[in-house]
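Novice: Below you will find the structure I want to go over with you.
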Amino acid sequence: MLADLRFALRALRSRLGLTLFAAASLALGMAAAIAIYCVIDAVMLRSLPYPDADRLVQIRELSDEGHAMNVAGPNYTDLAAAIGEFDAMAIYGGSSGTVQVGDNSVRGGIALTAGGFFQVLGSTPALGRAYAGEDREPLAVISHALWQSMFQGRADVLGERIIVDGVRYSVAAVMAADFAYPAGTAVWVPYRDDIGSSRTAHNWRVLGRLGRAEGLDQARLAASALATRLKAAHGSQTDAANFELLPLAQAIAAPVRSGLLLLAVGTAFLLLIAITNTTHLLLALNASRAREFAVRAALGASELRLALQVFLEGLLIVILAALAALGIAASALRVLVHAAGDSLPRVQEIHLQGSSIALSIVAALGIALVATATVHWSMRRTSTLATLRESGRGQSPGRRQLRTRGLLLVAQTALTTVLLIGTALLGRGFLALLDVDPGFKTSGAIAVQVSQPWTQDAELAAGTARRYAGLMQDFAAIPGVAVVGGVSSLPLTSDGANGGFWDGSVTNFEQPPPPPIGNAEFRVASPGYFDAAGIPLLCGRAFADSDRRDSAQVAVISASAAKATWGEADPIGKQIQFGNMDGDLHLLTIVGVVGDVRQHGLDREAPGTVYVALAQRPMVAAEFNVIARTNLPIASVMPSLRRMLESNAKGIPYSLRPLADVRASALADRRFSLILLGSFAGVAFTLAISGLYGLMAFAVGQRQGEFALRQALGSTRKRIARLVVEGGMRIGIAGVVLGMIGAIAVARLAGNRVQGVPAIDVPILLGVCIVLLITLLLACLLPARRASAVAPRDALA
């Protein structure tokens, strides 16, 4: 065995260049597979870091159209009472807020919880004791990251005072570093107020712990029956047609599941291509050794001994590739985690683990077995006697392996075609989104997010609105700034409230109101916002400085909301009630109609939106986004904005970025997937082209005597070159045709199971195939030229 191993090392060292190329190509495929496996394992497969995590369930409401929504307060109460399969339930709501420690303040995620939130999760803090449902003191639990950044990791942090959105709390506990639910939360505080009486106010997320993991199906049946009873009892007062119960791990991974599955498919294709390419290269390594193996067999070497020799050589290459793959995967994961940021759930859990290393070991052994078995099968097809006879006539037995290598290249080209077509289709979809009009103009605009503590006190909220108005006046005075305005939630961010609104006959909610006349997003905006954001005013007027707190309350509505509510009738002057959004029951008079803006993504239709004036309805504008539009280069204006904020807005947490970054962020997930798949396709393309070139070059080298003889018998150089090109293109065409069929099959199969798989586009399909065939043709030309240059006298050599 050791002698065979030493012999294998010498054999590989004698062909070092080809050995390293084989290992490198396989390492790229294995590294991609390991990295994507680590991501999928952390996000979709690995159990959540909570006790009995398989018993944790997220509950949401489903509308008549099947859209998932947060749960209304009364519906949560009924759920908790009606479904006995749960040991406990809790509710929570999340938003960003201001956290102040001493003179320092930061903006962070704030989770309002009720019903024993930490007890349902079963989480134990790193320090202190998490508050429970029966605790009445103003206690707060802080994240490990906030403990480190604001308290420098002090062990005596318990009992320290912090101010969260203007309310004082005592630090009761510090969560462990791996606790991140909901993601991005800095502080958890108890919610002590009424959870609401409206069954159409979808404010809460519900978390439940099953008594046993097998009880989920029974819980779903009980929840469905409850939804039916609620609909019968309350009619239009509830819009919950059913309830959705998902295991918590599945619910967390749901937003990225489709994208990760697409990446997994792309990675699998790349790995198969790399394995095929390695097998092909192993055949090349052993092509000139057929006589050696024939002699060894004639001298008594057993077939098992010869197979072991081939296996050891292949195994050494695969081990080298696996070691390199682990290093590449570790580096790739660091880059991937940094690039993904908060867009990837459970991102802090993504890293190389023992399971990843074990997977690479198993994969290495499997690849070595498959590749070397193929090589050995190809070599043993020729008898020892025939091999010795042919080699004695000066002919290389490598020709016996050309058919096997050709079949491998057909498979490799087919897989590459599928990957290239998939990447091109994703690219087409990405470019289509770039052409989508978001409803606002990003060029020449700067977005500044500022925040103050949220409050339920109307006077304090009005003070926050006045401070923001003063801030916008300061912005407007900066040289180069043309217009300034602000809004409570920027477009494309999916932030902000939404719900149903009523006509002017509804003046209070003491009695259950009739069905709403419309449904819309709710945004607070200032004078100048529509001009600053580049949102067109279609009719009526925009907000003005005359829309003060003591004047009649007004609203501006988007075109789609106006049409959905009143059809072709003029909405100007109509009154609506939208007090369920912020508790202000003053009627709103429509004074203007503006263009639609995409709020939840470029791939989703623009929802209807109702805008209210900042000075009149500031309650939900604790976080405000100011847009400054300039005719100068943005880079020349941003420093002035930053200096003004640091001098005139001390104590106000802020962030500053070009408005174009908002649109770029909305495309980040797709861009990320496209870059990864594009990288995979590029590697696969390179391997396919180099593989075909290598095969043709090898074939020409083995057939030089034949080509010389053909010329000696009267064949022209052009005919010989055409013979070589035709042989290579038969392989290429066969692979591309099979790849086209495979791409169509994969798109149809995956399209029924995975959301986001692009539909097959005939121009894209043909374009990719034509480009690939042209490139394959170019790969055949140099070997064809070499074949045609063989002199006739070589036939006598």
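Novice: Where residues in segment 123-149 are surrounded by fewer than 21 Cβ atoms within 10 Å (Cβ to Cβ) and aliphatic (A, V, I, L, M), which of them is modelled with the lowest pLDDT?
Specialist: Ala132
Novice: Another one. Which of the strands (runs of 3 or more DSSP E) contained wholly in segment 492-555 include at least 3 residues that are buried (at least 22 other Cβ atoms within 10 Å of the Cβ)? Spell out the reasoning first.
Specialist: Numbers: elements: 497-503, 518-525, 537-540.
By residue number, 518-525.
Novice: Give Gly184, Gly153, Gly196 a once-over and let me know the one that is over 30 Å from Ala253 (Cα atoms), of a type in the set (Gly, Ala, Ser) and either surrounded by fewer than 21 Cβ atoms within 10 Å (Cβ to Cβ) or touching a helix residue (DSSP H, G or I) at 6+ places or on another chain (Cβ under 9 Å) (or both). Reasoning before the result, please.
Specialist: Details: Gly184 fails: over 30 Å from Ala253 (Cα atoms); Gly196 fails: over 30 Å from Ala253 (Cα atoms).
Only one candidate passes the filter, namely Gly153.
Novice: Looking at Ala32, Ala90, Ala111, can you tell me which residue is of a type in the set (Gly, Ala, Ser), closer than 30 Å to Pro653 by Cβ and in contact with a helix residue (DSSP H, G or I) (Cβ under 6 Å, 6 or more places away or on another chain)? Let's see the steps before the verdict.
Specialist: Numbers: Ala32 fails: closer than 30 Å to Pro653 by Cβ; Ala111 fails: in contact with a helix residue (DSSP H, G or I) (Cβ under 6 Å, 6 or more places away or on another chain).
None of the other options fit; the residue is Ala90.
Novice: What number of residues in segment 652-704 are charged (D, E, K, R) and under 17 Å from Gln449 (Cα atoms)? Spell out how you get there, then give the answer.
Specialist: Going through segment 652-704, the residues charged (D, E, K, R) turn out to be 657, 661, 663, 669-671, 703.
Remaining after also requiring under 17 Å from Gln449 (Cα atoms): 657, 661, 663.
Summing the residues that are charged (D, E, K, R) and under 17 Å from Gln449 (Cα atoms) in segment 652-704 gives 3.
Novice: Let me ask something else about it. Can you give me the number of residues within segment 1-45 that are surrounded by fewer than 16 Cβ atoms within 10 Å (Cβ to Cβ) and more than 21 Å from Leu323 (Cα to Cα)?
Specialist: Residues in segment 1-45 being surrounded by fewer than 16 Cβ atoms within 10 Å (Cβ to Cβ) and more than 21 Å from Leu323 (Cα to Cα): 7 in total.
Novice: In segment 584-624, what count of residues is obtained for those that are assigned to a strand (DSSP E or B) and modelled with pLDDT under 95? Talk me through it step by step, then tell me what you get.
Specialist: Residues of segment 584-624 assigned to a strand (DSSP E or B): 588-594, 609-613, 623-624.
With modelled with pLDDT under 95 added as a condition, the list becomes 623-624.
Qualifying residue count for the region: 2.
Novice: Right, another one. Pairs under 9 Å by beta carbon, first residue in a loop (DSSP other than H, G, I, E, B) in segment 166-188, partner of a type in the set (D, E, K, R), six or more apart or different chains?
Specialist: Pairs that qualify, where the first residue is in a loop (DSSP other than H, G, I, E, B) and the partner is of a type in the set (D, E, K, R), are Gly166/Asp457; Asp178/Glu349; Ala180/Arg346; Ala180/Glu349; Pro182/Arg205; Ala183/Asp342; Ala183/Arg346; Gly184/Asp342.
Novice: If you scan segment 659-689, which residues turn out to be crowded, with 16+ Cβ neighbours inside 10 Å and over 23 Å from the mean Cα position of the chain (by Cα)?
Specialist: Phe685, Leu687, Ala688, Ile689
Novice: Then there is this: Looking for whichever is in the same structural domain as Arg629 (by TED's automatic domain parsing), modelled with pLDDT of 95 or more and over 21 Å from Ala606 (Cα atoms) here; the options are Ala461, Ala482. Which one fits? Show your work before the answer.
Specialist: Numbers: Ala461 fails: modelled with pLDDT of 95 or more.
Matching residue, one of Ala461, Ala482: Ala482.
Novice: Would you say Arg389 is of a type in the set (D, E, K, R), outside the structural domain of Phe685 (by TED's automatic domain parsing) and either in contact with a Ser or Thr (Cβ under 6 Å, 6 or more places away or on another chain) or at pLDDT below 75 (or both)? Walk me through it before giving the result.
Specialist: On the way: of a type in the set (D, E, K, R): yes; outside the structural domain of Phe685 (by TED's automatic domain parsing): yes; either in contact with a Ser or Thr (Cβ under 6 Å, 6 or more places away or on another chain) or at pLDDT below 75 (or both): yes.
Here the answer is yes, as Arg389 does meet what is asked.
Novice: At pLDDT below 75, in a loop (DSSP other than H, G, I, E, B) and in the same structural domain as Leu18 (by TED's automatic domain parsing), is that true of Ala307? Before the answer, list the steps.
Specialist: Working: at pLDDT below 75: yes; in a loop (DSSP other than H, G, I, E, B): no; in the same structural domain as Leu18 (by TED's automatic domain parsing): yes.
In short, no.
Novice: Within segment 556-583, can you find the residues that are closer than 30 Å to Ser665 by Cα, in a loop (DSSP other than H, G, I, E, B) and out of contact with any strand residue (DSSP E or B) (no Cβ under 7 Å at 6 or more places or on another chain)?
Specialist: If the condition is that a residue be closer than 30 Å to Ser665 by Cα, in a loop (DSSP other than H, G, I, E, B) and out of contact with any strand residue (DSSP E or B) (no Cβ under 7 Å at 6 or more places or on another chain), then Asp582 is the only one that fits.
Novice: If you don't mind, another one. Return the pairs, sorted by first residue and then second, in which the second residue is surrounded by fewer than 18 Cβ atoms within 10 Å (Cβ to Cβ) and aliphatic (A, V, I, L, M), the first residue lies in segment 315-333 and is within 10 Å of Ala23 (Cα to Cα), the beta carbons are less than 7 Å apart, and the residues are 6+ apart or on different chains.
Specialist: Close Cβ pairs satisfying both conditions: Leu316/Leu9.
Novice: When the residues of segment 210-262 are filtered to those that are among the acidic types (Asp, Glu) and at pLDDT below 85, which remaining residue is surrounded by the most Cβ atoms within 10 Å (Cβ to Cβ)?
Specialist: Taking segment 210-262 first, the residues among the acidic types (Asp, Glu) are 214, 217, 239, 244.
Retained after the next criterion (residues that are at pLDDT below 85): 214, 239.
Values: Glu214: 11, Asp239: 23.
So the residue we want is Asp239.
Novice: A further question on this structure: Within the group Val106, Val99, which residue is part of a strand (DSSP E or B), under 29 Å from the mean Cα position of the chain (by Cα) and within 28 Å of Gln456 (Cβ to Cβ)? Walk me through how you get there before you give the answer.
Specialist: Details: Val99 fails: under 29 Å from the mean Cα position of the chain (by Cα).
That would be Val106, the only listed residue that is part of a strand (DSSP E or B), under 29 Å from the mean Cα position of the chain (by Cα) and within 28 Å of Gln456 (Cβ to Cβ).
Novice: Quick one: what pairs do we get from segment 125-140, first residue closer than 12 Å to Gly159 by Cα, second assigned to a loop (DSSP other than H, G, I, E, B), C-beta under 6 Å, 6+ apart or different chains?
Specialist: Every condition considered, the pairs that remain are Gly128/Leu158; Leu139/Tyr131.
Novice: Tell me yes or no: at least one residue of segment 339-352 is at pLDDT below 70 and among the basic types (Lys, Arg).
Specialist: Within segment 339-352 (the criterion being at pLDDT below 70 and among the basic types (Lys, Arg)), the answer is no, since none of the residues qualifies.
Novice: Right, next: Just to be sure before I move on: is Thr185 more than 27 Å from Gly500 (Cβ to Cβ) and assigned by TED's automatic domain parsing to the domain that holds Phe118 in the structure I sent? Steps first, answer last, please.
Specialist: On the way: more than 27 Å from Gly500 (Cβ to Cβ): yes; assigned by TED's automatic domain parsing to the domain that holds Phe118: yes.
So Thr185 passes the test.
Conditions tested, residue by residue: (1) under 30 Å from Leu656 (Cβ atoms); (2) of a type outside the set (Asp, Glu); (3) in contact with an Asp or Glu (Cβ under 8 Å, 6 or more places away or on another chain).
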residue	(1), (2), (3)
Thr77	no, yes, no
Gly97	yes, yes, yes
Gly102	yes, yes, no
Ser105	yes, yes, no
Ile110	yes, yes, yes
Ala114	no, yes, no
Gln119	no, yes, no
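Novice: Among the residues of segment 124-147, are any of a type in the set (S, T, N, Q) and touching a helix residue (DSSP H, G or I) at 6+ places or on another chain (Cβ under 9 Å)? Reasoning before the result, please.
Specialist: Taking segment 124-147 as the starting set, the residues that turn out to be of a type in the set (S, T, N, Q) are 124, 143.
Next cut, touching a helix residue (DSSP H, G or I) at 6+ places or on another chain (Cβ under 9 Å) only: 124.
For segment 124-147, residues of a type in the set (S, T, N, Q) and touching a helix residue (DSSP H, G or I) at 6+ places or on another chain (Cβ under 9 Å): present.
The values are calculated or read from the model by the stated rules, or taken from the named source; none is laboratory data. Source: prediction; values computed, not measured. Cβ: placed from backbone, ideal geometry, glycine included. Neighbour counts: every protein chain shown.
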